[in-house]
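Engineer: Take a look at this one; I'll ask things after.
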Amino acid sequence: MGPILPIGEALAAKKANTTQEGGFTYLGMLALLMVLLLWSGAAMEVSQTMLRRDKEAELLFIGNQYRLAITSFYLSMGRFPTTLEELLNSTPKADQPRRFLRRIYRDPMTGKADWGFVRNPSGGIQGIYSLSTLTPIKQSKFETIDSAFTGSLKYSDWKFVISGAPVITR
């Protein structure tokens with residue numbers, strides 16, 4: 001057993017020991033916090049990339065839905081639509097109302113229902129495209145119908161156009 005210290009000196013000695021130990025605990029907590037922040041930042045970047053890829057896939061789906069609707073409209077009506085609303089409810093030659101598209105889709109890249117239009121010389125809509133100027137993550141391995149999108153610099157370069165249809169000028 002060591003020498004007996006007065007109460008004041010014993011408390012001072014104990015306080016000195018806890019202060020030094022507390023400093024190491026504080027540094028350890030700071031190091032742990034830094035590691036957690038770095039990890040969460042990396043996780044956030046991965047989740048944003050995954051979200052953007054999902055939006056790209058949605059844009060490809062929606063663009064092809066518009067392409068199919070415009071093609072069906074053209075084959076039924078003999079002309080291109082002048083507005084997207086015409087795709088929702090039109091009366092073809094046989095006087096039977098027909099829906100070529102279920103609804104007007106929002107652009108997943110901008111979140112708005114605004115689209116760019118590729119028009120033919122008579123003013124009809126021959127295709128649509130996103131108004132987003134962001135650079136696509138997907139740069140290759142597109143379906144054959146979308147192969148023109150390879151190497152695009154922005155989403156607005158992804159034009160979902162009816163190709164091969166004769167241009168009607170009325």
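Engineer: In this structure, does Arg67 turn out to be buried (at least 17 other Cβ atoms within 10 Å of the Cβ) and touching a Gly at 6+ places or on another chain (Cβ under 8 Å)?
Structural biologist: Taking the combined requirement at face value, the residue satisfies it.
Engineer: Does Leu11 satisfy being of a type outside the set (Phe, Trp, Tyr), surrounded by 10 or more Cβ atoms within 10 Å (Cβ to Cβ), modelled with pLDDT of 85 or more and assigned to a helix (DSSP H, G or I)?
Structural biologist: Considered against the rule, which asks whether it is of a type outside the set (Phe, Trp, Tyr), surrounded by 10 or more Cβ atoms within 10 Å (Cβ to Cβ), modelled with pLDDT of 85 or more and assigned to a helix (DSSP H, G or I), Leu11 comes out as no.
Engineer: Still on this structure, please answer the following. Tell me, please, whether a residue that is closer than 14 Å to Ile162 by Cβ, in a loop (DSSP other than H, G, I, E, B), open to solvent by 50 Å² or more (accessible area, probe 1.4 Å) and among the hydroxyl-bearing types (Ser, Thr, Tyr) can be found in the range 84-97.
Structural biologist: No, there is no match, as no residue in the range 84-97 is closer than 14 Å to Ile162 by Cβ, in a loop (DSSP other than H, G, I, E, B), open to solvent by 50 Å² or more (accessible area, probe 1.4 Å) and among the hydroxyl-bearing types (Ser, Thr, Tyr).
Engineer: Identify, from the list Ser163, Ser122, Ser76, the residue that is open to solvent by 80 Å² or more (accessible area, probe 1.4 Å) and at pLDDT below 90.
Structural biologist: Within the list Ser163, Ser122, Ser76, the selection yields Ser163.
Engineer: If I ask for residues that are open to solvent by 40 Å² or more (accessible area, probe 1.4 Å), in a loop (DSSP other than H, G, I, E, B), closer than 10 Å to Ser156 by Cβ and touching a Gly at 6+ places or on another chain (Cβ under 9 Å), which ones from the range 125-139 would you list?
Structural biologist: The one that is open to solvent by 40 Å² or more (accessible area, probe 1.4 Å), in a loop (DSSP other than H, G, I, E, B), closer than 10 Å to Ser156 by Cβ and touching a Gly at 6+ places or on another chain (Cβ under 9 Å): Leu131.
Engineer: For the range 33-83, enumerate the residues that are outside any helix (DSSP H, G or I) and either in contact with a His (Cβ under 9 Å, 6 or more places away or on another chain) or not basic (Lys, Arg) (or both).
Structural biologist: Of everything in the range 33-83, those that are outside any helix (DSSP H, G or I) and either in contact with a His (Cβ under 9 Å, 6 or more places away or on another chain) or not basic (Lys, Arg) (or both) turn out to be Gly78, Phe80, Pro81, Thr82, Thr83.
Engineer: I've got another one for you. If you check Ala113 against the conditions, is it touching a helix residue (DSSP H, G or I) at 6+ places or on another chain (Cβ under 8 Å), surrounded by 11 or more Cβ atoms within 10 Å (Cβ to Cβ), aliphatic (A, V, I, L, M) and modelled with pLDDT under 90?
Structural biologist: So Ala113 does not fit the description; no.
The values are calculated or read from the model by the stated rules, or taken from the named source; none is laboratory data. It should be emphasised that the depicted structure is a prediction, and the values quoted were computed from it without experimental measurement. All Cβ positions, glycine included, derive from the backbone under ideal geometry; neighbour counts span all protein chains shown. To get the accessible areas, we keep the full protein, side chains included, count just its heavy atoms, and leave off ligands, DNA and RNA. Shrake-Rupley method; radii C 1.70, N 1.55, O 1.52, S 1.80 Å.
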